[in-house]
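Visitor: What follows is a structure written as C-alpha coordinates; I'll ask about it next.
The values are calculated or read from the model by the stated rules, or taken from the named source; none is laboratory data. All values derive from a computational prediction rather than experimental measurement. Here the Cβ is made from the backbone with ideal geometry for all residues, glycine too, and neighbour counts use every protein chain on show. Heavy atoms of the whole protein, side chains included, go into the accessibility calculation; ligands, DNA and RNA do not. Shrake-Rupley method; radii C 1.70, N 1.55, O 1.52, S 1.80 Å.
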Amino acid sequence: MLKVCRTCLSGCYKRSKCFSGSQIRNKHSCKLLVVGGGTGGCAVAAKFSRKLGKNELVVVEHNDHHYYQPLFTLVGAGIEKLEETWKNEKDVLPENCTWVRSKAVKFDPKNNSVYCENGERIEYEFLVVAVGIEPRFDKISGLLEGLSEPSSGVCSIYSPNYVNNVYPTMKNLTSGNAIFTFPSSPVKCPGAPQKICYLTEDFLRKEGKRDHVNVIYNTSLPVIFGVKKYADALWKICQERDIAVNTRTNLISIEPSKKTAMFENLDNPQERTTLAYSMLHVTPPMATPDALNRCADLSNDAGFAEIDKATLQHVKFPNVFALGDCASSPNSKTAAAAAAQTEVVFENLQDVMRGKRPRLSYDGYASCPLVTGFDRCILAEFDYDLKPLETFPFSQDKERYSMFVLKKNIIPTIYWSLMMNGHWNGPALFRKIMHLDFTSKDK
Ligand SMILES: Cc1cc2nc3c(=O)[nH]c(=O)nc-3n(C[C@H](O)[C@H](O)[C@H](O)COP(=O)(O)OP(=O)(O)OC[C@H]3O[C@@H](n4cnc5c(N)ncnc54)[C@H](O)[C@@H]3O)c2cc1C
(Lines give C-alpha, C1' and ligand atoms only; values in the text may rest on other atoms or scores of the structure.)
Protein backbone atom coordinates (compact mmCIF):
# COMPACT_ATOMS: atom_id res chain seq x y z
CA MET A 1 0.00 0.00 0.00
CA LEU A 2 1.23 3.50 -0.85
CA LYS A 3 2.22 5.25 2.36
CA VAL A 4 2.46 9.02 2.68
CA CYS A 5 4.52 10.71 5.37
CA ARG A 6 2.10 12.06 7.98
CA THR A 7 4.33 14.98 8.82
CA CYS A 8 5.21 16.55 5.53
CA LEU A 9 2.56 14.88 3.34
CA SER A 10 5.02 14.85 0.47
CA GLY A 11 5.79 11.18 0.11
CA CYS A 12 9.25 11.73 1.51
CA TYR A 13 9.21 8.11 2.75
CA LYS A 14 10.23 7.23 -0.79
CA ARG A 15 13.83 8.23 -0.65
CA SER A 16 14.64 9.94 2.62
CA LYS A 17 13.01 9.82 5.99
CA CYS A 18 11.13 12.93 7.09
CA PHE A 19 12.61 14.39 10.22
CA SER A 20 9.85 16.75 11.33
CA GLY A 21 8.04 14.22 13.51
CA SER A 22 7.05 15.07 17.08
CA GLN A 23 9.36 12.46 18.58
CA ILE A 24 12.38 14.47 17.50
CA ARG A 25 10.87 17.90 17.82
CA ASN A 26 13.50 19.33 20.17
CA LYS A 27 16.86 17.69 19.75
CA HIS A 28 18.58 15.17 17.52
CA SER A 29 22.13 13.94 17.04
CA CYS A 30 23.91 12.70 13.98
CA LYS A 31 27.37 11.89 12.80
CA LEU A 32 27.34 14.17 9.76
CA LEU A 33 25.13 17.18 9.27
CA VAL A 34 25.01 18.85 5.84
CA VAL A 35 23.36 22.27 5.85
CA GLY A 36 22.07 23.19 2.40
CA GLY A 37 20.66 20.69 -0.09
CA GLY A 38 21.73 22.48 -3.26
CA THR A 39 24.52 21.56 -5.67
CA GLY A 40 27.37 21.05 -3.20
CA GLY A 41 25.26 19.77 -0.30
CA CYS A 42 23.47 17.07 -2.33
CA ALA A 43 26.66 15.90 -4.02
CA VAL A 44 28.52 15.52 -0.73
CA ALA A 45 25.51 13.90 0.96
CA ALA A 46 25.26 11.39 -1.90
CA LYS A 47 28.89 10.36 -1.39
CA PHE A 48 28.56 9.99 2.38
CA SER A 49 25.24 8.18 2.13
CA ARG A 50 27.18 5.17 0.87
CA LYS A 51 29.61 5.32 3.79
CA LEU A 52 27.45 6.13 6.78
CA GLY A 53 24.84 4.03 8.52
CA LYS A 54 21.13 4.66 8.86
CA ASN A 55 20.28 7.90 10.71
CA GLU A 56 23.92 9.02 10.70
CA LEU A 57 23.50 11.54 7.87
CA VAL A 58 21.16 14.53 8.11
CA VAL A 59 20.57 17.24 5.50
CA VAL A 60 18.88 20.52 6.44
CA GLU A 61 17.18 22.22 3.47
CA HIS A 62 13.97 24.25 3.47
CA ASN A 63 13.29 24.30 -0.29
CA ASP A 64 11.11 21.62 -1.88
CA HIS A 65 12.65 22.26 -5.29
CA HIS A 66 16.26 21.65 -6.23
CA TYR A 67 17.21 23.90 -9.17
CA TYR A 68 19.95 23.30 -11.70
CA GLN A 69 20.68 27.03 -11.86
CA PRO A 70 23.11 27.06 -14.82
CA LEU A 71 20.13 26.47 -17.11
CA PHE A 72 18.50 29.74 -16.00
CA THR A 73 20.61 31.57 -18.60
CA LEU A 74 19.11 29.46 -21.39
CA VAL A 75 15.61 29.86 -19.93
CA GLY A 76 16.19 33.62 -20.08
CA ALA A 77 16.92 33.33 -23.79
CA GLY A 78 13.85 31.17 -24.44
CA ILE A 79 16.05 28.14 -25.30
CA GLU A 80 14.96 26.03 -22.30
CA LYS A 81 11.87 25.93 -20.11
CA LEU A 82 11.94 26.63 -16.38
CA GLU A 83 10.33 23.21 -15.77
CA GLU A 84 13.52 21.63 -17.16
CA THR A 85 15.65 23.22 -14.43
CA TRP A 86 14.29 21.58 -11.28
CA LYS A 87 13.43 18.35 -9.52
CA ASN A 88 11.81 17.68 -6.18
CA GLU A 89 14.36 17.87 -3.39
CA LYS A 90 13.20 14.50 -2.05
CA ASP A 91 14.10 12.88 -5.37
CA VAL A 92 17.55 14.47 -5.47
CA LEU A 93 18.59 13.71 -1.88
CA PRO A 94 20.19 10.30 -1.38
CA GLU A 95 18.26 7.31 -0.05
CA ASN A 96 20.19 6.90 3.13
CA CYS A 97 19.73 10.38 4.50
CA THR A 98 17.37 12.13 6.85
CA TRP A 99 15.95 15.32 5.41
CA VAL A 100 15.13 18.08 7.86
CA ARG A 101 12.78 20.20 5.86
CA SER A 102 13.59 23.46 7.59
CA LYS A 103 15.98 26.38 7.49
CA ALA A 104 19.07 26.56 9.67
CA VAL A 105 18.74 29.79 11.63
CA LYS A 106 21.74 29.56 13.91
CA PHE A 107 25.10 27.80 13.80
CA ASP A 108 26.69 27.08 17.18
CA PRO A 109 29.99 25.44 16.24
CA LYS A 110 31.41 25.65 19.77
CA ASN A 111 28.65 23.26 20.87
CA ASN A 112 28.51 21.30 17.59
CA SER A 113 24.90 22.36 17.09
CA VAL A 114 22.65 23.90 14.48
CA TYR A 115 19.26 25.41 15.32
CA CYS A 116 16.45 25.21 12.78
CA GLU A 117 13.47 27.43 12.05
CA ASN A 118 11.11 24.61 13.10
CA GLY A 119 12.52 24.73 16.63
CA GLU A 120 14.77 21.73 16.35
CA ARG A 121 18.36 21.63 17.51
CA ILE A 122 20.65 19.21 15.73
CA GLU A 123 23.89 18.08 17.31
CA TYR A 124 26.55 16.79 14.97
CA GLU A 125 29.99 15.24 15.12
CA PHE A 126 30.91 16.68 11.71
CA LEU A 127 29.39 19.52 9.74
CA VAL A 128 29.42 20.48 6.05
CA VAL A 129 28.22 24.01 5.30
CA ALA A 130 26.80 24.34 1.77
CA VAL A 131 24.22 27.12 2.00
CA GLY A 132 25.24 28.93 -1.20
CA ILE A 133 24.80 32.67 -1.78
CA GLU A 134 21.51 34.49 -2.24
CA PRO A 135 20.54 37.22 -4.70
CA ARG A 136 19.74 40.41 -2.78
CA PHE A 137 17.33 42.19 -5.12
CA ASP A 138 16.33 44.36 -2.15
CA LYS A 139 19.74 46.03 -2.11
CA ILE A 140 19.06 48.08 -5.27
CA SER A 141 16.45 50.77 -4.78
CA GLY A 142 13.53 50.32 -7.20
CA LEU A 143 14.61 46.87 -8.38
CA LEU A 144 11.91 44.78 -6.69
CA GLU A 145 9.28 47.20 -7.97
CA GLY A 146 10.66 46.93 -11.52
CA LEU A 147 10.87 43.14 -11.39
CA SER A 148 7.30 42.83 -10.11
CA GLU A 149 5.87 44.51 -13.24
CA PRO A 150 6.29 42.20 -16.28
CA SER A 151 6.19 45.03 -18.83
CA SER A 152 8.67 47.27 -16.97
CA GLY A 153 11.67 46.22 -19.07
CA VAL A 154 13.47 45.16 -15.87
CA CYS A 155 14.37 41.47 -15.65
CA SER A 156 16.84 38.98 -14.22
CA ILE A 157 17.93 35.41 -14.84
CA TYR A 158 19.11 35.22 -11.22
CA SER A 159 15.92 33.82 -9.71
CA PRO A 160 13.35 31.18 -10.70
CA ASN A 161 10.76 33.82 -9.71
CA TYR A 162 11.89 36.27 -12.38
CA VAL A 163 13.69 34.31 -15.08
CA ASN A 164 10.55 33.59 -17.09
CA ASN A 165 10.15 37.30 -17.83
CA VAL A 166 13.55 37.71 -19.48
CA TYR A 167 12.63 36.27 -22.89
CA PRO A 168 9.37 38.27 -23.20
CA THR A 169 11.37 41.41 -22.32
CA MET A 170 13.91 40.52 -25.00
CA LYS A 171 11.12 39.97 -27.54
CA ASN A 172 9.43 43.29 -26.70
CA LEU A 173 12.65 45.20 -27.27
CA THR A 174 12.50 47.30 -30.42
CA SER A 175 14.67 50.37 -29.78
CA GLY A 176 16.62 52.29 -27.12
CA ASN A 177 19.16 50.94 -24.62
CA ALA A 178 19.45 47.32 -23.53
CA ILE A 179 21.60 47.47 -20.41
CA PHE A 180 23.18 44.51 -18.60
CA THR A 181 24.70 44.91 -15.14
CA PHE A 182 27.28 43.17 -12.93
CA PRO A 183 27.20 44.15 -9.22
CA SER A 184 29.88 45.13 -6.77
CA SER A 185 29.74 41.87 -4.80
CA PRO A 186 30.74 38.24 -5.35
CA VAL A 187 28.24 36.58 -7.70
CA LYS A 188 27.47 33.01 -8.64
CA CYS A 189 28.64 32.32 -12.17
CA PRO A 190 30.37 35.61 -12.92
CA GLY A 191 30.04 34.80 -16.64
CA ALA A 192 26.24 34.67 -16.65
CA PRO A 193 25.64 38.46 -16.64
CA GLN A 194 27.44 38.73 -19.98
CA LYS A 195 26.05 35.47 -21.41
CA ILE A 196 22.54 36.91 -21.30
CA CYS A 197 23.91 40.08 -22.91
CA TYR A 198 25.37 38.13 -25.85
CA LEU A 199 22.19 36.08 -26.21
CA THR A 200 20.05 39.23 -26.33
CA GLU A 201 22.38 40.81 -28.87
CA ASP A 202 22.27 37.69 -31.05
CA PHE A 203 18.49 37.57 -30.75
CA LEU A 204 18.18 41.22 -31.88
CA ARG A 205 20.37 40.44 -34.89
CA LYS A 206 18.27 37.44 -35.87
CA GLU A 207 15.09 39.53 -35.52
CA GLY A 208 16.53 42.35 -37.66
CA LYS A 209 16.26 44.85 -34.78
CA ARG A 210 19.92 45.18 -33.85
CA ASP A 211 20.45 48.53 -35.61
CA HIS A 212 17.79 50.17 -33.42
CA VAL A 213 19.13 49.03 -30.02
CA ASN A 214 22.27 50.04 -28.12
CA VAL A 215 23.64 47.05 -26.22
CA ILE A 216 25.54 48.11 -23.09
CA TYR A 217 27.36 45.95 -20.53
CA ASN A 218 28.01 47.86 -17.29
CA THR A 219 30.25 45.95 -14.93
CA SER A 220 31.62 46.79 -11.50
CA LEU A 221 34.74 44.77 -12.29
CA PRO A 222 37.85 46.36 -13.79
CA VAL A 223 37.93 43.66 -16.50
CA ILE A 224 35.42 41.85 -18.68
CA PHE A 225 36.60 38.46 -17.37
CA GLY A 226 39.21 37.46 -14.81
CA VAL A 227 41.23 35.14 -17.05
CA LYS A 228 43.21 37.02 -19.68
CA LYS A 229 43.01 34.35 -22.37
CA TYR A 230 39.20 34.43 -22.36
CA ALA A 231 38.97 38.16 -21.62
CA ASP A 232 40.89 38.84 -24.86
CA ALA A 233 38.44 36.70 -26.83
CA LEU A 234 35.43 38.36 -25.19
CA TRP A 235 36.70 41.91 -25.79
CA LYS A 236 37.07 41.03 -29.46
CA ILE A 237 33.51 39.73 -29.60
CA CYS A 238 32.19 42.91 -27.96
CA GLN A 239 34.09 45.08 -30.45
CA GLU A 240 32.93 43.07 -33.45
CA ARG A 241 29.32 43.06 -32.28
CA ASP A 242 29.27 46.69 -31.13
CA ILE A 243 28.57 45.95 -27.47
CA ALA A 244 29.63 48.90 -25.30
CA VAL A 245 31.50 47.70 -22.20
CA ASN A 246 31.84 50.06 -19.24
CA THR A 247 34.05 48.76 -16.40
CA ARG A 248 33.91 49.94 -12.75
CA THR A 249 30.31 50.97 -13.38
CA ASN A 250 27.92 49.87 -10.65
CA LEU A 251 24.11 49.99 -10.66
CA ILE A 252 22.83 51.78 -7.54
CA SER A 253 19.15 52.51 -8.19
CA ILE A 254 16.29 52.26 -10.68
CA GLU A 255 13.26 54.43 -11.29
CA PRO A 256 10.85 52.02 -13.01
CA SER A 257 8.24 54.74 -13.64
CA LYS A 258 10.79 56.75 -15.65
CA LYS A 259 12.65 53.70 -16.98
CA THR A 260 15.98 55.10 -15.83
CA ALA A 261 18.88 53.51 -13.98
CA MET A 262 21.58 55.26 -11.99
CA PHE A 263 25.19 54.03 -11.99
CA GLU A 264 28.21 55.06 -9.93
CA ASN A 265 31.80 55.10 -11.10
CA LEU A 266 33.54 52.89 -8.53
CA ASP A 267 36.83 54.71 -9.07
CA ASN A 268 35.11 58.01 -8.31
CA PRO A 269 31.84 57.32 -6.41
CA GLN A 270 30.74 60.99 -6.64
CA GLU A 271 30.46 60.54 -10.40
CA ARG A 272 26.99 59.25 -11.22
CA THR A 273 25.34 58.60 -14.56
CA THR A 274 21.65 58.12 -15.26
CA LEU A 275 20.72 56.07 -18.31
CA ALA A 276 17.34 55.45 -19.90
CA TYR A 277 16.62 51.81 -20.69
CA SER A 278 14.17 49.81 -22.76
CA MET A 279 15.55 46.60 -21.28
CA LEU A 280 17.51 46.39 -18.03
CA HIS A 281 18.90 42.99 -17.10
CA VAL A 282 20.07 43.13 -13.49
CA THR A 283 22.52 40.81 -11.81
CA PRO A 284 21.79 41.67 -8.18
CA PRO A 285 24.31 41.92 -5.34
CA MET A 286 24.63 38.60 -3.53
CA ALA A 287 25.44 37.52 0.01
CA THR A 288 25.61 34.37 2.10
CA PRO A 289 22.45 33.52 4.08
CA ASP A 290 22.09 35.32 7.43
CA ALA A 291 22.50 32.15 9.50
CA LEU A 292 26.06 31.93 8.19
CA ASN A 293 27.09 35.56 7.88
CA ARG A 294 25.83 36.33 11.41
CA CYS A 295 27.89 33.52 12.91
CA ALA A 296 31.19 35.22 13.68
CA ASP A 297 32.75 31.90 14.72
CA LEU A 298 32.21 30.35 11.29
CA SER A 299 32.35 33.26 8.85
CA ASN A 300 34.93 35.81 7.75
CA ASP A 301 34.31 39.57 7.49
CA ALA A 302 32.60 39.13 4.12
CA GLY A 303 30.22 36.52 5.59
CA PHE A 304 31.74 33.45 3.90
CA ALA A 305 32.57 30.21 5.76
CA GLU A 306 36.23 30.66 6.59
CA ILE A 307 38.02 27.60 5.30
CA ASP A 308 41.49 26.63 4.18
CA LYS A 309 41.44 27.13 0.42
CA ALA A 310 43.30 23.86 -0.25
CA THR A 311 41.76 21.39 2.21
CA LEU A 312 38.34 23.14 2.49
CA GLN A 313 38.49 22.50 6.25
CA HIS A 314 37.34 25.29 8.55
CA VAL A 315 40.22 27.33 9.94
CA LYS A 316 38.95 27.18 13.55
CA PHE A 317 36.78 24.06 13.74
CA PRO A 318 38.49 20.94 12.35
CA ASN A 319 35.20 19.02 12.29
CA VAL A 320 33.65 21.59 9.94
CA PHE A 321 34.07 21.80 6.15
CA ALA A 322 32.43 24.09 3.61
CA LEU A 323 32.06 24.00 -0.15
CA GLY A 324 30.30 25.76 -2.97
CA ASP A 325 29.36 29.42 -3.19
CA CYS A 326 29.31 30.07 0.58
CA ALA A 327 32.93 29.02 1.10
CA SER A 328 35.70 31.60 1.49
CA SER A 329 37.97 29.87 -1.05
CA PRO A 330 38.73 32.50 -3.71
CA ASN A 331 37.55 30.47 -6.71
CA SER A 332 34.92 31.49 -9.22
CA LYS A 333 31.55 30.54 -7.68
CA THR A 334 30.22 27.88 -10.05
CA ALA A 335 28.64 24.43 -9.90
CA ALA A 336 31.74 23.22 -11.74
CA ALA A 337 33.87 24.42 -8.83
CA ALA A 338 31.53 22.74 -6.34
CA ALA A 339 31.92 19.47 -8.27
CA ALA A 340 35.70 19.58 -7.96
CA GLN A 341 35.40 20.50 -4.27
CA THR A 342 33.05 17.59 -3.52
CA GLU A 343 35.75 14.94 -3.76
CA VAL A 344 38.16 17.03 -1.67
CA VAL A 345 35.58 17.48 1.11
CA PHE A 346 34.62 13.79 0.92
CA GLU A 347 38.16 12.46 1.23
CA ASN A 348 39.44 15.07 3.68
CA LEU A 349 36.45 14.77 5.97
CA GLN A 350 36.89 11.00 6.07
CA ASP A 351 40.53 11.57 7.01
CA VAL A 352 39.40 13.78 9.89
CA MET A 353 36.79 11.20 10.94
CA ARG A 354 39.65 8.67 11.17
CA GLY A 355 41.74 11.09 13.25
CA LYS A 356 44.11 11.90 10.39
CA ARG A 357 45.09 15.14 8.68
CA PRO A 358 43.34 16.04 5.40
CA ARG A 359 45.40 14.96 2.40
CA LEU A 360 43.67 16.31 -0.70
CA SER A 361 44.06 19.82 -2.08
CA TYR A 362 41.60 21.76 -4.20
CA ASP A 363 43.37 23.70 -6.95
CA GLY A 364 40.63 26.30 -7.44
CA TYR A 365 39.25 24.66 -10.59
CA ALA A 366 36.19 26.40 -11.98
CA SER A 367 34.65 26.47 -15.39
CA CYS A 368 32.26 28.82 -17.12
CA PRO A 369 30.62 27.97 -20.42
CA LEU A 370 30.44 31.48 -21.88
CA VAL A 371 27.48 31.24 -24.21
CA THR A 372 28.03 33.93 -26.83
CA GLY A 373 25.05 33.22 -29.06
CA PHE A 374 22.21 30.82 -29.80
CA ASP A 375 24.62 28.23 -31.22
CA ARG A 376 28.07 28.99 -29.83
CA CYS A 377 30.03 29.05 -26.61
CA ILE A 378 33.54 29.57 -25.26
CA LEU A 379 34.32 27.06 -22.50
CA ALA A 380 36.48 28.85 -19.93
CA GLU A 381 38.26 26.59 -17.42
CA PHE A 382 40.83 27.86 -14.95
CA ASP A 383 42.35 27.54 -11.47
CA TYR A 384 43.09 29.72 -8.42
CA ASP A 385 45.88 31.49 -10.30
CA LEU A 386 43.47 32.33 -13.13
CA LYS A 387 45.53 30.11 -15.41
CA PRO A 388 43.57 28.14 -18.04
CA LEU A 389 43.03 24.49 -17.04
CA GLU A 390 41.41 23.24 -20.21
CA THR A 391 39.88 19.79 -20.62
CA PHE A 392 39.89 19.52 -24.39
CA PRO A 393 42.98 19.15 -26.57
CA PHE A 394 42.23 22.37 -28.48
CA SER A 395 42.42 25.99 -27.48
CA GLN A 396 39.13 26.77 -25.76
CA ASP A 397 39.10 30.53 -26.37
CA LYS A 398 37.22 30.05 -29.68
CA GLU A 399 33.45 30.13 -30.04
CA ARG A 400 32.27 26.60 -30.82
CA TYR A 401 28.95 24.86 -31.46
CA SER A 402 30.25 21.73 -29.70
CA MET A 403 30.74 23.71 -26.49
CA PHE A 404 27.18 25.03 -26.80
CA VAL A 405 25.88 21.44 -26.98
CA LEU A 406 28.05 20.59 -23.98
CA LYS A 407 26.48 23.45 -21.99
CA LYS A 408 22.90 22.85 -23.11
CA ASN A 409 22.67 19.05 -23.17
CA ILE A 410 25.68 17.23 -21.81
CA ILE A 411 26.54 19.08 -18.59
CA PRO A 412 22.91 19.04 -17.30
CA THR A 413 22.83 15.27 -17.84
CA ILE A 414 26.13 14.88 -16.00
CA TYR A 415 24.70 17.03 -13.18
CA TRP A 416 21.50 15.06 -12.59
CA SER A 417 22.82 11.56 -13.35
CA LEU A 418 26.33 11.68 -11.95
CA MET A 419 26.95 14.65 -9.68
CA MET A 420 23.71 14.38 -7.72
CA ASN A 421 24.53 10.71 -7.13
CA GLY A 422 28.02 11.53 -5.90
CA HIS A 423 29.80 10.21 -9.00
CA TRP A 424 31.13 13.42 -10.59
CA ASN A 425 34.18 15.29 -9.32
CA GLY A 426 34.74 17.50 -12.33
CA PRO A 427 36.61 16.74 -15.55
CA ALA A 428 40.16 16.40 -14.13
CA LEU A 429 40.44 12.75 -15.19
CA PHE A 430 39.23 13.52 -18.73
CA ARG A 431 41.68 16.40 -18.91
CA LYS A 432 44.54 14.06 -18.11
CA ILE A 433 43.39 11.52 -20.67
CA MET A 434 42.86 14.12 -23.39
CA HIS A 435 46.24 15.71 -22.76
CA LEU A 436 47.92 12.35 -22.08
CA ASP A 437 49.17 13.88 -18.85
CA PHE A 438 49.53 11.64 -15.85
CA THR A 439 52.26 13.62 -14.21
CA SER A 440 50.50 16.69 -12.83
CA LYS A 441 49.19 16.86 -9.29
CA ASP A 442 45.58 17.22 -10.49
CA LYS A 443 43.30 14.48 -9.28
C1 LIG B 1 21.83 32.37 -13.58
C2 LIG B 1 22.88 31.41 -13.13
C3 LIG B 1 23.72 30.84 -14.06
C4 LIG B 1 24.70 29.95 -13.67
N5 LIG B 1 25.49 29.37 -14.61
C6 LIG B 1 26.42 28.45 -14.24
C7 LIG B 1 27.19 27.76 -15.22
O8 LIG B 1 27.02 27.95 -16.41
N9 LIG B 1 28.10 26.87 -14.79
C10 LIG B 1 28.30 26.59 -13.45
O11 LIG B 1 29.13 25.74 -13.13
N12 LIG B 1 27.60 27.26 -12.50
C13 LIG B 1 26.66 28.16 -12.85
N14 LIG B 1 25.91 28.80 -11.89
C15 LIG B 1 26.31 28.73 -10.48
C16 LIG B 1 25.86 27.48 -9.73
O17 LIG B 1 24.48 27.28 -9.86
C18 LIG B 1 26.25 27.63 -8.28
O19 LIG B 1 27.61 27.98 -8.20
C20 LIG B 1 26.04 26.34 -7.52
O21 LIG B 1 24.68 26.01 -7.51
C22 LIG B 1 26.58 26.48 -6.10
O23 LIG B 1 26.23 25.38 -5.33
P24 LIG B 1 25.99 25.56 -3.76
O25 LIG B 1 25.66 24.22 -3.22
O26 LIG B 1 27.09 26.32 -3.16
O27 LIG B 1 24.72 26.53 -3.67
P28 LIG B 1 23.22 26.23 -4.15
O29 LIG B 1 23.18 25.23 -5.24
O30 LIG B 1 22.63 27.57 -4.41
O31 LIG B 1 22.58 25.57 -2.86
C32 LIG B 1 22.48 26.22 -1.62
C33 LIG B 1 21.32 25.55 -0.89
O34 LIG B 1 21.34 25.95 0.48
C35 LIG B 1 20.00 26.18 0.86
N36 LIG B 1 20.02 27.08 2.01
C37 LIG B 1 20.30 28.40 2.02
N38 LIG B 1 20.22 28.87 3.28
C39 LIG B 1 19.89 27.81 4.05
C40 LIG B 1 19.65 27.68 5.45
N41 LIG B 1 19.75 28.71 6.28
N42 LIG B 1 19.31 26.46 5.92
C43 LIG B 1 19.20 25.38 5.09
N44 LIG B 1 19.43 25.46 3.76
C45 LIG B 1 19.77 26.67 3.26
C46 LIG B 1 19.34 26.78 -0.37
O47 LIG B 1 17.94 26.65 -0.31
C48 LIG B 1 19.98 25.96 -1.48
O49 LIG B 1 19.23 24.81 -1.78
C50 LIG B 1 24.87 29.66 -12.27
C51 LIG B 1 24.00 30.22 -11.34
C52 LIG B 1 23.00 31.08 -11.75
C53 LIG B 1 22.05 31.66 -10.74
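Visitor: If you roll a 1.4 angstrom probe over the protein chains with everything in place, what fraction of the accessible area of the chain belongs to carbon and sulfur, to the nearest %?
Guide: Carbon plus sulfur share of accessible area: 50 percent.
Visitor: When the Cα centres of the range 82-97 and the range 419-434 are compared, how far apart do they sit, in Å?
Guide: The range 82-97 and the range 419-434 have Cα centres separated by 21 Å.
Visitor: Here's something else I'd like to know. So, in nm, how far is label residue 144 from label residue 309 when the simple model puts each one 7 Å beyond its Cα toward the Cβ?
Guide: 3.5 nm
Visitor: Rounded, prolate or oblate: which fits the chain when a ≥ b ≥ c are the square roots of the eigenvalues of the alpha-carbon gyration tensor, with rounded for a/c under 1.5 and prolate only if a/b beats b/c?
Guide: It comes out prolate by the Cα gyration axes.
Visitor: For the range 136-150, what does the Karplus curve 6.51 cos²θ - 1.76 cosθ + 1.60, with θ = phi - 60°, yield as ³J(HN,Hα) per residue in whole Hz, taken in order and with x for Gly and Pro?
Guide: 10, 4, 5, 7, 10, 4, x, 5, 4, 4, x, 5, 6, 10, x
Visitor: Additional query: Defining a contact as two alpha carbons under 8 Å apart and six or more residues distant in sequence, what relative contact order in percent does the chain show?
Guide: 15 percent
Visitor: Note down the relative contact order for the range 46-163 as a percent, whole number, built from C-alpha pairs under 8 angstrom at least six residues apart.
Guide: After rounding, I find 24 percent.
Visitor: Using only the alpha-carbon atoms, how far is helix 228-240 inclined from the longest principal axis of the chain? Give it as 0 to 90 degrees, nearest 10.
Guide: Once rounded, the angle reads 30 degrees.
Visitor: Please give the length that would be gained between residue 265 and residue 252 if that part of the chain were fully extended, namely 0.36 nm times their separation in residues minus their C-alpha to C-alpha distance (nm, one decimal).
Guide: That works out to 3.7 nm of additional length.
Visitor: If you take every DSSP beta bridge fully contained in the chain, what fraction is antiparallel? Give it as a percent rounded to 5.
Guide: 50 percent
Visitor: Sticking with this structure for a sec: Just check the range 136-285 against the gyration tensor rule for me: Cα atoms, a ≥ b ≥ c as the square roots of the eigenvalues, rounded for a/c under 1.5, and otherwise prolate or oblate depending on whether a/b exceeds b/c.
Guide: Judged from the Cα gyration tensor, the range 136-285 comes out rounded (a/c under 1.5).
Visitor: As an exercise, use a Förster radius of 60 Å and the Cβ-Cβ distance of residue 319 and residue 209 to find the FRET efficiency, rounded to the nearest 0.05.
Guide: The computed FRET efficiency comes out at 0.55.
Visitor: Name all residues of the range 246-261 having a backbone nitrogen under 15 Å from the label point set 7 Å from the Cα of residue 272 along its Cα→Cβ direction, giving them as ranges.
Guide: 250-256, 260-261
Visitor: I'd like the distance separating the alpha-carbon centroids of the range 364-385 and the range 170-234, in whole Å.
Guide: So the separation of the two Cα centres works out to 15 Å.
Visitor: Here is a follow-up. Answer rounded, prolate or oblate for the range 366-434, using the Cα gyration tensor with square roots of eigenvalues a ≥ b ≥ c: rounded when a/c is under 1.5, else prolate when a/b is larger than b/c, else oblate.
Guide: oblate
Visitor: Among all the lysines, which ones have a C-alpha under 25 Å from residue 54's C-alpha, if same-chain residues fewer than 8 places away are not counted?
Guide: Partners within reach: 3, 14, 17, 27, 31, 87, 90, 103, 356.
Visitor: Please give the per residue accessible area of the chain, computed with a probe of 1.4 Å over protein heavy atoms only, in Å².
Guide: Here the residues of the chain average 43 Å² of exposed surface.
Visitor: Still on this model: Which whole-number percent is the relative contact order of the range 136-285 (Cα, under 8 Å, 6+ apart)?
Guide: 35 percent
Visitor: On a full-extension model of 0.36 nm per residue, what is the gain between residue 356 and residue 239, subtracting their alpha-carbon distance, rounded to one decimal in nm?
Guide: 36.8 nm is the gain from fully extending residue 356 to residue 239.
Visitor: Loop only per DSSP, at most 10 neighbouring Cβ atoms within 10 Å: give me the trypsin sites (Lys or Arg not before Pro) in the range 340-378, ordered by residue number.
Guide: Within the range 340-378, the qualifying trypsin sites (Lys or Arg not before Pro) (loop, at most 10 other Cβ atoms within 10 Å) are 354, 356.
Visitor: Please work out how much length the chain gains when fully extended from residue 111 to residue 136, using 0.36 nm per residue of separation minus the C-alpha to C-alpha distance, in nm with one decimal.
Guide: 5.9 nm
Visitor: State which stretch of the chain is the longest one without any exposed GluC sites (Glu not before Pro), exposure meaning a DSSP loop state and at most 15 other Cβ atoms within 10 Å.
Guide: In short, 208-443.
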